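Read the structure below first, then the notes.
The values are calculated or read from the model by the stated rules, or taken from the named source; none is laboratory data. Small disclaimer: the values here were computed from a predicted structure and weren't measured. Backbone-built Cβ (ideal geometry, glycine too); neighbour counts: all protein chains shown.
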Amino acid sequence: MLEVEITPEGLRRLDRLPEKVRAAAPESILDPIADGPIVPASHSSAVEGIRSARRGDYRIIYEVFQNEHIVLIHRVQHRRDVYPGGGMSSL
């Protein structure tokens, strides 16, 4: 099993989410991402190693460090805001 960590930016963005989404986000992060298998989304090719997971209309942007057994969450945002310019190049 992988350990899940959240960046300071990720924590700030998580705090801004609606309560219902904020409550569901940890479950979305811990269950499917930490337990694997880890499959990159189609947007992953924009930035090497960056992946995304879906929770309703929200996206969890994360990075996996297999050797350290860590999943690093960069942000959780509404899908319309998470891919500025149509990709993840802003990470």
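Of the numbered conditions (1) surrounded by fewer than 17 Cβ atoms within 10 Å (Cβ to Cβ); (2) more than 21 Å from ARG12 (Cβ to Cβ); (3) modelled with pLDDT under 85, VAL64 satisfies every one except a single condition; which is it?
Every condition holds for VAL64 apart from (1).
Inspect the range 39-52 for any residue being under 14 Å from VAL82 (Cα atoms), at pLDDT 70 or above, surrounded by 11 or more Cβ atoms within 10 Å (Cβ to Cβ) and not hydroxyl-bearing (Ser, Thr, Tyr) and give the result as yes or no.
Yes, the conditions are met somewhere in the range 39-52.
Contact list please: Cβ distance under 7 Å, first residue in the range 43-59 and over 18 Å from ILE6 (Cα atoms), second residue part of a loop (DSSP other than H, G, I, E, B) and modelled with pLDDT of 65 or more, pairs at least six apart or on different chains.
HIS43/TYR83
Could you tell me whether the range 19-32 includes any residue that is touching a helix residue (DSSP H, G or I) at 6+ places or on another chain (Cβ under 8 Å) and at pLDDT 65 or above?
yes
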